[in-house]
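A.B. asks: My structure is below; once you've seen it, I'll send some questions.
The values are calculated or read from the model by the stated rules, or taken from the named source; none is laboratory data. Remember, predicted model here, so these are calculated numbers, not experimental data. With ideal geometry, Cβ positions are generated from the backbone for all residues, glycine too; neighbour counts draw on all protein chains shown.
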Amino acid sequence: MSVSIVVGVQWGDEGKGKVVDYLTEQADLVVRFQGGNNAGHTLVIDGQKTALQLIPSGILRPGTRCLLASGVVLNPFSLIEEIDRLAEINVAVTPDRLGIANNVQLILPYHLAVDRGREAELAGGKIGTTGKGIGPAYEDAVSRCGIRLCDLFDARHLSSLVERNVAQKNAYLSRVLGTSDCFSAAELLLELNRLAEFLRPYATDVSIEVSEAVKAGKEIVFEGAQGCLLDISHGTYPFVTSSNTVAAYACVSAGVGPQIVDSVVGICKAYCTRVGSGPFPTEDFGVDGQNLREAGREFGTVTGRPRRCGWFDTAAVKKAVRLNGIDSLVITKLDVLSGFKKVRLGTAYTIDGVEVNDIPVSPDAQDRLQVVYEDLPGWDEDITAVRKFSELPLNAQKLLTRIEELSESRIVGFSVGPDRVQTIRM
Ligand code: GDP
Ligand code: IMO
Ligand code: MG
């Protein structure tokens, strides 16, 4: 039996989906534990690309059951679209393949309108959200007015919840955000009642399922979304997502105790990217940044936005190791660095000449943050066909060894291309 948690170490899009798919060859359960369809997890198998947003990345392994735990925010309309997209490639997401926590919070159309309205209001100070209503849905959960999956199955209760929420959101949208959005409670209810029939067979008690799987000695992989530096508590606030992305939240969300966890695997790119606003100390605004974007095809899976690109930030990775309890790292996209004369590693930060070991929390200090770099020689060889560490050019081997030393964590794998077969265990 083993229970592992896979988390992003940087600002998301590290290749978590690809690694989860790789790790789930033998897994019985794959559990998504936070975020919603702001995530975009890409799997490439035999050249065929599948982009998942909500459905866990174990879905392409026929023997694996996938679960969405309570800490996820679920847009039911998007879920159905995703199920339909998978059906087109002959993946049947039936209730025996996917279970959804009864107590999962729903993202409803007014959440998207609030998300968009807020961003418009912030103008120059935008967070750069994915516009999927993630923050507003988590807000409703915390303020105890959210609508959960189980509420869909109680028509009278649902009706009063929808009426109250729609009235409040319409007032907020028009009077506070000044938008022209206006929702009809009756129409939304009609749609939700229709959805309820479809979704009912998927509803499950995730806490009981996971606990029983642990007792039965099954193999369980928890799949994180976003990345450590987007964590609502520990990330670069306010430029973060609205959930805890760190590993500890997997247990909170699934409703199990932390003693079940055997390992925490951190995924990071061999360089660094970020979508949306906020501090990014090792961002490269020059030609190297552009070359990383082009070579790494760094455009968002969900929104298509160009990702900001820069260098590997060891201080940030060390922070993620500490915050998540990461015991092993997988370095992705090593192939993207082929052709760079030198490869930079951010090793420390300074503010006014004084070394600091973390991105400071105050915006003023963040503006004065400088990065100390170590430059390593690059390599020219195409490494996409490499299948062993020893087949890597010497300078690529040295880079991984140096990342391991500086990050104070063990590298257990690396990847040299998007395909399942291009992930290499060390
Ligand atoms: P996730 O959100 O962490 O699952 O990552 P995304 O799927 O959003 O972004 C990672 C992107 O890089 C996807 O397009 C992957 O297909 C691609 N990718 C993953 N690993 C590698 C790799 O080792 N090399 C290259 N070139 N692309 C990769
Ligand atoms: P995966 O799982 C990269 C970013 C958004 C924005 C901030 C808040 O694919 O790694 P939100 O819509 O969550 O309120 O946006 O978080 N963001 C991501 N960036 N990868 C993701 O997910 C992200 N999910 C959210 O760009 O800056
Ligand atoms: Mg992604």
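A.B. asks: Mind checking which strands (runs of 3 or more DSSP E) fall wholly inside region 250-359 and carry at least 2 residues that are of a type in the set (Val, Ile, Thr) and under 21 Å from the mean Cα position of the chain (by Cα)?
C.D. replies: The strands (runs of 3 or more DSSP E) meeting that bar are 263-269, 328-332.
A.B. asks: Please pick out the residue among Gly146, Gly117, Gly133, Gly128 that is of a type outside the set (A, V, I, L, M, F, W, C), within 16 Å of ligand 1 (Cβ to nearest atom) and within 25 Å of the chain's Cα centre (by Cα).
C.D. replies: Going through Gly146, Gly117, Gly133, Gly128 in turn, just one is of a type outside the set (A, V, I, L, M, F, W, C), within 16 Å of ligand 1 (Cβ to nearest atom) and within 25 Å of the chain's Cα centre (by Cα): Gly128.
A.B. asks: Okay, next question. Among the listed residues Thr282, Thr245, Thr314, Thr273, which satisfies the condition of being crowded, with 16+ Cβ neighbours inside 10 Å, outside the structural domain of Leu67 (by TED's automatic domain parsing) and closer than 27 Å to Leu54 by Cα?
C.D. replies: Checking each option against the conditions leaves just Thr273.
A.B. asks: Now a separate question. Quick one: how many residues across region 379-422 are more than 16 Å from ligand 3 (Cβ to nearest atom), in contact with an Asp or Glu (Cβ under 9 Å, 6 or more places away or on another chain) and either under 16 Å from Gly296 (Cβ atoms) or not β-branched (Val, Ile, Thr) (or both)?
C.D. replies: 16
A.B. asks: Quick one: would you say Asp96 is outside the structural domain of Arg307 (by TED's automatic domain parsing), crowded, with 21+ Cβ neighbours inside 10 Å and modelled with pLDDT of 95 or more?
C.D. replies: It is false that Asp96 is outside the structural domain of Arg307 (by TED's automatic domain parsing), crowded, with 21+ Cβ neighbours inside 10 Å and modelled with pLDDT of 95 or more.
A.B. asks: May I pose another question? Please specify each residue of region 199-238 satisfying the condition of being within 16 Å of ligand 2 (Cβ to nearest atom) and under 19 Å from Gln53 (Cα atoms).
C.D. replies: Selection gives Val221, Phe222, Glu223, Gly224, Ala225, Gln226, Gly227, Cys228, Leu230, Asp231.
A.B. asks: Let me ask something else about it. Considering only region 1-110, give the strands (runs of 3 or more DSSP E) lying wholly within it that have at least 3 residues that are within 14 Å of ligand 2 (Cβ to nearest atom).
C.D. replies: 2-8, 41-45, 48-52
A.B. asks: Here's a check for you: in region 362-385, which residue that is within 27 Å of the chain's Cα centre (by Cα) and part of a loop (DSSP other than H, G, I, E, B) is farthest from Leu345 (Cα to Cα)?
C.D. replies: Ser362
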